[in-house]
Amino acid sequence: MEAKGALIAAPLLIASITAASTAAAAKAGVKPARLAAVIGSIACLVASFAVAPLVEDSPAILSRTPALLFLDAYGALLLEKFTMAAAASLLLAMVYLDRVDDPAYYVSMVASLLGIVGVVYSGDLLSFFAFYALMNLSSYYFMAPRPSEEVGVDTGPNDSLTLYLVSDVVSMVLVASGFLILYTSSGATGIPEVVARASTEALWASLALVISGFWVKLAIFPAHAWFPGINPWAPSPSSAFMASAVRVVGFYGATRMLFTVYRPLLPALKSFMLYAALVNIAVGCLLALGQDDLKRLVTCSSVGEGGVLMMAWGVASTTALQGVFFHVLNLVLIKCLFFSSIAYFISASDRRTVYTLRGASRSMLLGSTGFLIASLSTCAMPPLNGFHSKFLVFLSLVESGLLWAACAFVVLDLLMLAVLMKAVHAMYDRYAGEGLKVREPGLGLKLLIAVLIASCLLVGLAPSMFMEGAYKAALACLNEAWMKG
Amino acid sequence: MSSLYPLLSMCLAGTFLVVTGDRLDRWASWVASLGLALALASSFIPDPVGLPFFNDALSTAFLLLILSVSLLVCVYSHRYVELDRARFFGLLCLFSLGMAGSVVSRNLVLFYVFWEFMLLPSYLLIEHWAECPKGRALAVATKYFIFTHLGGALMVVSIVTFYMSTGTFDLLELASLAVGEVGRGFELACVLMIAGLAFKVAVFPLHVWLPDAHSEAPTPISAMLSGLMVHVGIYVMVRVLGLSHHVAEHLCTPLLIGGALTLIYGSAAALMELDIKRVLAFSSISQLGYMVASMGLASALGLLAAALHAISHGLFKSLLFLTAGTLAHAAGSRDLRVLRGIGGELKVFGALFTIGALSLAAIPPLNGFFTKEFIVEAALEEGYLRLAILMLLGSALTMAYVARLICFVYGSSYRPLKEHPARSMIPPSVALGVACALGLPLGVMLLTPARDLVALGLKEHLELHVNASLLAASMLALLAGLALWFAYWRISYGVYLGRLSSLLSSGLGIDHAYSRLAKIFLRSSRALLETVEGKLRTSFLEGLPDSAMSMAKRVARLHEKLFFSKAKFLPMAARLRSMHPSRAVRWALNAGLALLALCLAWLAASLGSFRLALLVVLALALASIASWRRVKGG
């Protein structure tokens, strides 16, 4: 493999080395495993940022047999986001889950990271599915509730975990079935060959299965039940990783398939996707409305965010894709900030409900501020990062003449703002919070929250660089130039 | 020149101070001053390439104005604020950040972000540290917030319209696209933007928020509001009107009328006020009227004159507010009748206040004279004689209320001082006084070939000559102003509290009209909300989440029924039922580790490098230890 190819494959190589070395270091104990995982994930993040400029104008094919491995601007952009989520989650785990004496936790996280990176690089159905399965199988372990680490929190029923396991298995079975149909019809696993040879009937049949599989993974209504079930009970770093990366791989996979294999069918699907997206956002808002538990509240709002991602399929224009891809970055920052703030509350006071955290800003200002910034950013308040991405999505609806959808989008956003402000208002209640006994959380957690707040502000104040990257990714996704290579 | 480093410096200083809160109270002013000084110093470092910031003379001039005045205000405030010092200085830095970001942003979305960002710190600064009772402070700050947001709403629509008509948010690209004929969409966008900005620059009748906000805010913040914030609006208007001459011509009439009304109204109201800060606030309205009218000339000369006067006004108005605040603080009152003679007690501040006042009155050789003359000259050059006459009338009124201020400040009464001003207030006031006195070199520059430097890139080959008749007319106007003041003094000793005074103070009844409109709107909104809430609450707000949750639970129960049922005809259910989740998780982890090894081998085969072969070896080792695991808990 030539030097440039090696450089472009660097994130994949580093993720592989990290997974292998963390697994090997796990034998020596939790500290070596944790260190290997954190260093490796940060290295992977740096490599993904270094690789992005190399492929933003033209994609790179790294291998054709036995696996078709490639990277284009779209993949590179999402790779940056996923590795950022992994690094932030592992850092949060390092500073927050210091009582977890289980190296397998870190092994499962990095194995899942390798699965995610592999999915991004995969250009054939077999590799795609293998890495997808790796990501899912590894995720069960780190999503399992751990009662001794989050003291005072009810671990929740085992059924939540079982429901997650079952939903994921269903997702994998559906995707595998769809891929099987495509393989049977085209006689090939490479996506370019599948596109060239698969029959229309096979495309429709597999579309229903594959998109349903990713639908379940992305936790879109009505297949969303597993997400609010399991996410609140998992440790906070796992929740952050799940909400900002693992689940979003469903979006990546569906988008990749929709704009390559199922491209001829996309015009017929757009309206349906748009309606489904708006319904999903509404469901997320309504689910969040009745929540008192902060983790569950944030998880339900994440269900709604899945609908925002679906706007890319419902509008399928350059602006929509640009806005949604930029939104993926913002989701990473926002969700990590949400869950870090919640980790702060739990660490300092063993509380995580709106009612018990009344007046929390008096003694836990940093956590309250982090939650406030994340809430405002989620609801597209300038000058925060979330404003730009949602504004682009809004603009894409206006450009496409979907003014009713644009109005609905704004109204639902305001509804979500009202829901989140209920929690924020309670935290900043000046007349409550006296006598709230708190412990001082670690410096690492405070630094992480401060960095995430600063990142939300910086990206909000200087979004051009990220918007340009998202624009190139949108073009790459629409052109799919790697298939001609 | 740099924009990024100053913004970063202010952002870091502001955020740090706001977050640390009470812990940094003693050092807050030093940290803020250091941050602003660094911002000013780093503005001379070149920016990295590719940032969406302006780097021309116009933005540089305004950025330097904002940074330097903010720094001086920060130093002035060293001993001014006692409560919540860290948050005060933090918000001050963030306020400066918003203003600076607005003037350097080339991208309209980024500009809007900074514009809105300005609002929150300024609102909090007015509301929390206001020099009036809490109830009034909240009302004043809320009025300021509402008016600014109304303008902001129009600006958002304008930005969207710009994008939809041209496909870009970049002002430089907009300028290149606007050469020649422009479409209706572009025109509409410009009109909406100017309309939105009219709220911020307090064009009559949208000015009602300004006198209250600028007078009730703490003195340092008043200096920033009147000296800097409103000029950000002027700067943006100059930018937008500079995009297309065609659009500027269309907006000529409303700007001329609005500007003229504003300058006359502001001067007349200032003449009647007794609160020194309200006098200065109304004088700001009047001076903004000059700038708006100048922009209504629809020429590069008019835009340049407005921009120069904005910079000049920023300097002397800040000086006036800082010194007036000091005098009022020392006397214990803002009433001119109580302040009578204080100039004699506090000689330095009295002298500096006088310099600022004379600059406001456009007395040569101070900076205000040259920039105001430039505006009137521009009006004459473009053939607007009636406007020039109105401006001279405004000058007469300005001279009248300036003379009134100086007479009161140096009046004959003696009252003992309530408080002596802190020493930290002197250097910033002196610096601003010196800046105002630098008007003479500015004036000389305008008459020499070096005038192109002062043109701020708005006009090529600036041609100016001394207009003796205009000079004579200006001097006559000043004398007329003095005569008016003399007559005012003779009639009522400069204190008129009749109906005209209260009418002018309340914006000719416009403030009252807005309040009534707001009350009607609130009453009908409340009625609508009660109906909506009452009728729809049970079905929508309470029922629908329950429905969504119950649907989710039904789906979950369906899952459970399918997979966890005890029915024997569902073998999968039976199998899953018998499996404890922790076993499934352990099984999954093992499977995952095995799959990990396979994936690594698959990658090695595909990428085919020696390094990957090493990975395969590691993977095989991993497979051999895959049977080992440690699972804790469920």
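For the stretch A:387-426, a residue qualifies if it is surrounded by fewer than 22 Cβ atoms within 10 Å (Cβ to Cβ) and either among the polar types (S, T, N, Q) or assigned to a loop (DSSP other than H, G, I, E, B) (or both), and the qualifying residues are A:Ser400, A:Gly401, A:Leu402. Taken over the stretch A:36-76, the residue count meeting the criterion of being small (Gly, Ala, Ser), within 12 Å of another protein chain (Cβ to nearest Cβ) and surrounded by fewer than 24 Cβ atoms within 10 Å (Cβ to Cβ) is 1.
Within the stretch A:218-237, residues that are more than 11 Å from A:Val303 (Cα to Cα) sit with their Cβ atoms under 8 Å from residues that are of a type in the set (S, T, N, Q) and part of a loop (DSSP other than H, G, I, E, B), at 6+ positions apart or across chains, in these pairs: A:Trp233/A:Thr155.
Residues in the stretch A:93-116 that are within 10 Å of another protein chain (Cβ to nearest Cβ) and within 24 Å of A:Leu180 (Cα to Cα): A:Ser112, A:Leu114, A:Gly115. Note on the stretch B:1-27: residues that are buried (at least 24 other Cβ atoms within 10 Å of the Cβ) and either modelled with pLDDT under 85 or in contact with a Pro (Cβ under 9 Å, 6 or more places away or on another chain) (or both) amount to 2. Just so you know, in the stretch B:599-612 the residues that are at pLDDT 75 or above and facing chain A (nearest Cβ under 7 Å) include one that is surrounded by the fewest Cβ atoms within 10 Å (Cβ to Cβ), and it is B:Ala605.
Being touching a helix residue (DSSP H, G or I) at 6+ places or on another chain (Cβ under 7 Å), crowded, with 24+ Cβ neighbours inside 10 Å and away from every other protein chain (no Cβ under 13 Å) holds for only one residue in B:Val81, B:Val69, B:Val104, B:Val75, and it is B:Val69.
Scanning the stretch B:38-66 for residues being within 14 Å of another protein chain (Cβ to nearest Cβ), without any contact (Cβ under 8 Å) to a residue 40 or more places away in the chain and of a type outside the set (Gly, Ala, Ser) gives a total of 1. For the stretch B:368-389, state whether one or more residues are touching a Pro at 6+ places or on another chain (Cβ under 6 Å) and either closer than 16 Å to B:Thr219 by Cα or without any contact (Cβ under 8 Å) to a residue 12 or more places away in the chain (or both). Scanning the stretch B:368-389, I find no residue that is touching a Pro at 6+ places or on another chain (Cβ under 6 Å) and either closer than 16 Å to B:Thr219 by Cα or without any contact (Cβ under 8 Å) to a residue 12 or more places away in the chain (or both), so the answer is no. Take the residues of the stretch A:222-241 that are among the small types (Gly, Ala, Ser) and touching a Leu at 6+ places or on another chain (Cβ under 8 Å): which is farthest from the other protein chains (Cβ to nearest Cβ)? Here the answer is A:Ala240. Report yes if B:Leu92 is modelled with pLDDT of 90 or more and either out of contact with any Phe, Trp or Tyr (no Cβ under 7 Å at 6 or more places or on another chain) or more than 10 Å from every other protein chain (Cβ to nearest Cβ) (or both), otherwise no. The answer is yes for B:Leu92. Just one of the numbered conditions (1) more than 22 Å from B:Val104 (Cα to Cα); (2) outside any helix (DSSP H, G or I) is not true of B:Leu243; which one? Among (1) more than 22 Å from B:Val104 (Cα to Cα); (2) outside any helix (DSSP H, G or I), B:Leu243 violates only (1). Selection of helices (runs of 4 or more DSSP H) fully inside the stretch A:212-262 by the criterion of at least 2 residues being surrounded by fewer than 24 Cβ atoms within 10 Å (Cβ to Cβ) returns A:248-259. Restricting the search to helices (runs of 4 or more DSSP H) fully inside the stretch B:184-234 and requiring at least 3 residues that are modelled with pLDDT of 90 or more and closer than 23 Å to B:Leu517 by Cβ gives B:184-200.
Among the residues of the stretch A:118-136, those that are more than 10 Å from chain B (Cβ to nearest Cβ) and within 18 Å of A:Ser244 (Cβ to Cβ) comprise A:Val119, A:Val120, A:Tyr132. Being part of a helix (DSSP H, G or I) and of a type in the set (Gly, Ala, Ser) is a description that does not apply to A:Ala380. Residues in the stretch B:147-162 that are under 19 Å from the mean Cα position of the chain (by Cα) and either buried (at least 19 other Cβ atoms within 10 Å of the Cβ) or in contact (Cβ under 8 Å) with a residue 40 or more places away in the chain (or both): B:Phe147, B:Thr148, B:Leu150, B:Gly151, B:Gly152, B:Ala153, B:Leu154, B:Met155, B:Val156, B:Ser158, B:Ile159. Filtered by the rule that a residue be touching a residue at least 24 places away in the same chain (Cβ under 8 Å) and among the hydrophobic types (A, V, I, L, M, F, W, C), the stretch A:351-375 gives A:Val354, A:Leu357, A:Ala360, A:Met364, A:Leu366, A:Phe371, A:Leu372, A:Ile373, A:Ala374. The requirement of being assigned to a helix (DSSP H, G or I) and of a type outside the set (Ser, Thr, Tyr) is satisfied by B:Ala324.
Identify all residues within the stretch A:255-281 that are in contact with a Leu (Cβ under 6 Å, 6 or more places away or on another chain) and within 14 Å of chain B (Cβ to nearest Cβ); write none if there are none. Correct list: A:Ile281 only. Checked against (1) closer than 22 Å to A:Asn136 by Cα; (2) within 14 Å of chain B (Cβ to nearest Cβ), A:Thr83 passes all but condition (2).
Note on the stretch A:1-80: enclosed helices (runs of 4 or more DSSP H) holding 2 or more residues that are in contact with a Pro (Cβ under 9 Å, 6 or more places away or on another chain) are A:10-26, A:30-55. Taking the listed residues B:Leu352, B:Leu319, B:Leu336, the one that is more than 30 Å from B:Gly233 (Cα to Cα), at pLDDT 85 or above and buried (at least 20 other Cβ atoms within 10 Å of the Cβ) is B:Leu336, with no other qualifying. Filter the stretch A:454-483 down to the residues that are without any contact (Cβ under 8 Å) to a residue 60 or more places away in the chain and not hydrophobic (A, V, I, L, M, F, W, C), then identify the one that is farthest from A:Met381 (Cα to Cα). Filtering first and then ranking leaves A:Asn479.
The values are calculated or read from the model by the stated rules, or taken from the named source; none is laboratory data. These figures come from a predicted structure and were not determined experimentally. Glycine gets a Cβ as well: all are built from the backbone with ideal geometry, and neighbour counts include every protein chain shown.
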